[in-house]
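The values are calculated or read from the model by the stated rules, or taken from the named source; none is laboratory data. Just so it is clear, the structure is predicted and the values come from calculations on it, not from any experiment. FYI the Cβ positions are ideal-geometry reconstructions off the backbone, even for glycines, and counts take in every protein chain you see.
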Amino acid sequence: MRRALLIATLVFVIPTAAFGQVTGVERLTDLWSLPELTPGVVAFGESSHDLLGLNEDGFLGLFSRLYREGGKDVLFDGEGPGCVYRLWFTFSLPAPYTRLQFYLDNAEQPTVDVNIHDFFAGQTPPFLQPLVWDDSRSSGGFVSYAPVCYRERLKIVTTTGITFYNVTAHRYRADTEVTSFAGDEDYTAVDALYDPDRAGADPKDTTGVDYAALPLTLAPGETAPIFAEEGAGQIASVRLTPAAIDEALLNNVRLRATFDGANDPAVDVQLGMFCGATAPGFEVAALLFGIKDGVLYSFFPMPYFDGARLELVNESAATVSLQAEVGVRREPPDDYAATFTTVSRLGAPTVLMGDHHFADPTGQGKIVGVIQLAGGYSGQGYLEGDERWYPDGLLTPTIQGTGTEDYYNGGWYFKYGMFTLPTHGHQMRLDDAGLDVTGMYRLHVGDSLEFYRGATFSIEHDALNLDTDEVYRTTAFVYRVNEDALIPEAEFDVGQSLDEARFQYHGSDDQPTGPQLFFYEGDQDLAPYDDGGYQSRGEVSFTLPVNPFNDGVRLVRRLDQLHGRDLVRVLVDGADAGLWRTPEHNPFKRWRDTVFDLPPALTKGKSSLSITLVNASGADGFSQYHYWIYSWKRPLISRMRDLVLSSPATQLTIGDAVQLFVDGGYPSGHREEVTGWVDYELSDARLATIAYGRLKTKTAGELKVKAIWGDRESNEITINIIPPASGADDDLVDDDFIDDDAAIPPASTGDDESGCGC
């Protein structure tokens, strides 16, 4: 009876808590939530970029569609749920009769069907200014930031061929609540917020924000604080009003910001590269930073949990006088808010055959904006570079652009000169001792670039990364926590008999491809990868080990883009998880890494998953070469103040198994379970094994156990392990009416005797 009561205590259901994902218009307007981290976002795009890796990015329209269907060009084909946050076009030969069409959720008729020039005139509701601009206002580019969300699927189609285009979107995991675009959306609130005439005013709700102004005079070499406070809060705004805006102020006075007692500042950047201009006389009217009417401003929310310090450092040879005003909301930030940081890079000279890197963040977070100065000594060829976004260790860039000014929503080297808008701009053009300099900026608010296991964000410094006399100077605005949210679980090589046996792989109609030597798109497109796999025309299945405390699982598959329009139905333990659509086609750079996120409702509490992939691509089938498997980890353990270890029993019999529990406390006081994500230290590894907090006894003795994560340690608990009574069930065989082991989340299928719960 004692054994039955013990196991009844151990029977539990791991909750699958839903974390609200901000989407659509709310993503553009709820700017206080900008630092918050939510799982399951893939920032991706489609564009007319040259599939050979050269510079035919739309001039002839050779790569200006994904595929052709029904006499129309399909530019974007996204499986939902998702949302398109940016459309950009420019035209070498504009066709006045071309129509732009949006097909929502597999409907036969388009929800939007409008002349493409009328669309970008910003007069077709709900596609209105200031979310939509034509080339006269965006200096050669046609751009829309009006969000178009979709629950099941979105196809963006043109009725005739076009030349240059970019689409930027988010794909969400299946449990995200998304309402499909209907065409009658009310964008009044977002239109008011993004009105260019409001530039210089804080676009966030300022209720509860306190402001303090401080006059400062900084001698050469002097450092002075403009804000210092203990406790928790959020910096809402920084406004600096100098006696004069000159080159010394913009280039030799730095802003430094340090949060939560860190040794190094998270922000350390010249004022000009923080606010958008490095020479006097230029206005920058961006939504969250700028220089307007003699004031330098920043409205990025900057959360802190254990104090913050902002200071100015005068590295110039002149005395600087200014007034600093800092706005603070002393309400504690969300437990999952990331730290605001800047990444400043100077590429001078640029590197032969290598991209300029805006940022290479580790951990998890999002990139929310870029300021760039680019210069060259012979024309503006330095504007031919394509941006590339590689999140979470993918070898394929999920976003690849068509040109530097295209990334900043202009066209034809900014055809109509300088401009400044809330979301983007070309704010500077000058000659610096023969160096032709172009200044540009772009915010990523709706179209933020999420990462969960590090990322690389880079841009070519000319058409082919060949010139080495160019100068690239950039600042990227990043929210980041140096802790991964995607944890590797396993990987296996399709076609390798040992791997297939290990993962119980079975395919009903697999055609072996033999060894293949192909290339990925992107910065490393001259590095060949050798792999073999299958073209599969039926269904395949395999079994994966995962952390039972996962908050969802990510599958990554290497495929061959030769055929394109790859479509697979995904089943998890027999339950439908949705369609895995990869519409891209590239017969030249054929490798592609593609992602599918499984929601926690299908994965949490399980130590293994049976995955079935059913061909939905037709006669060509789908290709598979390699799989990588990750578990999503929601807890931010590095943010927790303590770890508490507990056990439902402190005396066990040899052969018993017990599930330990560990929870951690955030600064807010909220506690969250971290049992499956920490390591465990055993005083004597001979007495028991432990995996994911599941402890199983081996021999008698007194066992002391602690949970450990990095430099954090829990309390220590003591478990006495005793021999079984004569004739008692020692639980080494499953003959109880309650199966002790089945009542506990099963351990990893791996042979982990080390005491690690990872």
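Residue check, Ala348 against (1) in contact with a Ser or Thr (Cβ under 8 Å, 6 or more places away or on another chain); (2) outside the structural domain of Ile226 (by TED's automatic domain parsing), all met but one. Which one?
(1)
Could you list all residues from the stretch 582-594 that are more than 20 Å from Ser610 (Cα to Cα) and assigned to a strand (DSSP E or B)?
Thr582, Trp591, Arg592, Asp593
Which of (1) out of contact with any Leu (no Cβ under 8 Å at 6 or more places or on another chain); (2) surrounded by fewer than 22 Cβ atoms within 10 Å (Cβ to Cβ); (3) more than 30 Å from Tyr666 (Cα to Cα) is the odd one out, the single condition Met640 does not satisfy?
(3)
May I ask you to list the residues in the stretch 553-583 that are crowded, with 19+ Cβ neighbours inside 10 Å, in contact (Cβ under 8 Å) with a residue 60 or more places away in the chain and out of contact with any His (no Cβ under 8 Å at 6 or more places or on another chain)?
Val553, Arg554, Leu555, Val556, Leu559, Asp560, Ala577, Gly578, Trp580, Arg581
Is it the case that the stretch 242-265 has a residue that's of a type outside the set (Phe, Trp, Tyr), buried (at least 21 other Cβ atoms within 10 Å of the Cβ), touching a Cys at 6+ places or on another chain (Cβ under 9 Å) and closer than 30 Å to Glu79 by Cα?
No, the stretch 242-265 contains no residue that is of a type outside the set (Phe, Trp, Tyr), buried (at least 21 other Cβ atoms within 10 Å of the Cβ), touching a Cys at 6+ places or on another chain (Cβ under 9 Å) and closer than 30 Å to Glu79 by Cα.
Just a yes or no: is a residue in the stretch 424-447 among the polar types (S, T, N, Q) and within 22 Å of the chain's Cα centre (by Cα)?
There is no residue in the stretch 424-447 that is among the polar types (S, T, N, Q) and within 22 Å of the chain's Cα centre (by Cα).
Checking the conditions here, which among Val143, Val209 is of a type outside the set (Gly, Ala, Ser) and outside the structural domain of Pro333 (by TED's automatic domain parsing)?
Only one candidate passes the filter, namely Val143.
Just one of Gln123, Gln109 is within 22 Å of Asp197 (Cα to Cα), free of Cβ contacts under 8 Å to residues at least 12 places away in the same chain, surrounded by fewer than 22 Cβ atoms within 10 Å (Cβ to Cβ) and not hydrophobic (A, V, I, L, M, F, W, C); which is it?
Residue meeting the stated conditions: Gln123.
So which residues in the stretch 547-564 are part of a loop (DSSP other than H, G, I, E, B) and under 30 Å from Val674 (Cβ atoms), if there are any at all?
Correct list: Asn547, Pro548, Phe549, Asn550, Asp551, Gly552.
Restricting to the stretch 504-523, count the residues that are under 19 Å from Thr612 (Cα atoms) and in contact (Cβ under 8 Å) with a residue 60 or more places away in the chain.
Matching residues across the stretch 504-523 total 2.
Considering only the stretch 155-185, state which residues are within 22 Å of the chain's Cα centre (by Cα), of a type in the set (A, V, I, L, M) and in a loop (DSSP other than H, G, I, E, B).
Ala174, Val178
A quick yes/no check of all residues on (1) of a type in the set (D, E, K, R); (2) over 30 Å from Glu384 (Cβ atoms); (3) out of contact with any Ser or Thr (no Cβ under 9 Å at 6 or more places or on another chain); (4) not assigned by TED's automatic domain parsing to the domain that holds Asn251:
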residue: Tyr472; (1), (2), (3), (4): no, no, no, yes
residue: Val481; (1), (2), (3), (4): no, yes, no, yes
residue: Asp493; (1), (2), (3), (4): yes, yes, yes, yes
residue: Gln496; (1), (2), (3), (4): no, yes, yes, yes
residue: His506; (1), (2), (3), (4): no, yes, no, yes
residue: Leu517; (1), (2), (3), (4): no, no, yes, yes
residue: Glu521; (1), (2), (3), (4): yes, no, no, yes
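Can you tell me how many residues in the stretch 78-103 are of a type outside the set (Val, Ile, Thr) and under 25 Å from Gly385 (Cα atoms)?
9
Return the total of residues in the stretch 465-493 being more than 26 Å from Thr339 (Cα to Cα) and either without any contact (Cβ under 8 Å) to a residue 40 or more places away in the chain or touching an Asp or Glu at 6+ places or on another chain (Cβ under 8 Å) (or both).
Adding up the residues that qualify gives 4.
I need the full set of residues from the stretch 199-222 which are touching a residue at least 40 places away in the same chain (Cβ under 8 Å), of a type outside the set (Asp, Glu) and within 29 Å of Leu28 (Cβ to Cβ), in order please.
Those that are touching a residue at least 40 places away in the same chain (Cβ under 8 Å), of a type outside the set (Asp, Glu) and within 29 Å of Leu28 (Cβ to Cβ): Ala199, Gly200, Pro203, Lys204, Thr206, Gly208, Val209, Tyr211.
Please enumerate the residues belonging to the stretch 475-509 that are crowded, with 18+ Cβ neighbours inside 10 Å and either hydroxyl-bearing (Ser, Thr, Tyr) or in contact with a His (Cβ under 7 Å, 6 or more places away or on another chain) (or both).
Thr475, Tyr479, Val494, Tyr505
Please verify whether the stretch 124-135 includes one or more residues that are assigned to a loop (DSSP other than H, G, I, E, B), under 15 Å from Gly411 (Cα atoms), touching a Phe, Trp or Tyr at 6+ places or on another chain (Cβ under 6 Å) and not assigned by TED's automatic domain parsing to the domain that holds Thr582.
yes
To keep it simple, each residue is scored yes or no on (1) within 22 Å of Ala257 (Cβ to Cβ); (2) over 21 Å from the mean Cα position of the chain (by Cα).
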{"site": "Ser458", "(1), (2)": "no, no"}
{"site": "Leu464", "(1), (2)": "no, yes"}
{"site": "Tyr472", "(1), (2)": "no, yes"}
{"site": "Ala476", "(1), (2)": "yes, no"}
{"site": "Asp499", "(1), (2)": "no, yes"}
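Restricting to the stretch 47-93, give me the number of residues that are within 22 Å of Asp118 (Cβ to Cβ), aliphatic (A, V, I, L, M) and out of contact with any Lys or Arg (no Cβ under 9 Å at 6 or more places or on another chain).
Summing the residues that are within 22 Å of Asp118 (Cβ to Cβ), aliphatic (A, V, I, L, M) and out of contact with any Lys or Arg (no Cβ under 9 Å at 6 or more places or on another chain) in the stretch 47-93 gives 3.
Any residue in the stretch 502-509 that is at negative phi, touching a Leu at 6+ places or on another chain (Cβ under 6 Å) and not small (Gly, Ala, Ser)?
No: zero hits.
Just checking: which of the strands (runs of 3 or more DSSP E) contained wholly in the stretch 442-546 hold 3 or more residues that are closer than 29 Å to Phe588 by Cα and among the hydrophobic types (A, V, I, L, M, F, W, C)?
In the stretch 442-546, the matching strands (runs of 3 or more DSSP E) lie at 455-459, 516-519.
Quick check on Val568: is it at pLDDT 95 or above, under 22 Å from Arg151 (Cβ atoms) and aliphatic (A, V, I, L, M)?
yes
Please work out which residue is nearest to Ile637 (Cα to Cα), limiting yourself to the stretch 673-710 and to residues that are among the β-branched types (Val, Ile, Thr) and part of a strand (DSSP E or B).
Ile708
Kindly list the number of the only condition in (1) in a strand (DSSP E or B); (2) touching a Ser or Thr at 6+ places or on another chain (Cβ under 9 Å) that fails for Lys204.
Among (1) in a strand (DSSP E or B); (2) touching a Ser or Thr at 6+ places or on another chain (Cβ under 9 Å), the lone unmet condition for Lys204 is (1).
Here's the yes/no breakdown for (1) modelled with pLDDT under 95; (2) among the charged types (D, E, K, R); (3) under 26 Å from Thr176 (Cβ atoms):
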position	(1), (2), (3)
Lys606	no, yes, yes
Ser610	no, no, yes
Glu673	no, yes, yes
Leu687	no, no, no
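For the stretch 378-414, what are the residues that are more than 17 Å from Arg171 (Cα to Cα) and aromatic (Phe, Trp, Tyr)?
Tyr382, Tyr407, Tyr408, Trp412, Tyr413, Phe414
From the residues in the stretch 302-319 that are under 24 Å from Leu288 (Cβ atoms) and of a type in the set (A, V, I, L, M), which one is surrounded by the fewest Cβ atoms within 10 Å (Cβ to Cβ)?
Val313
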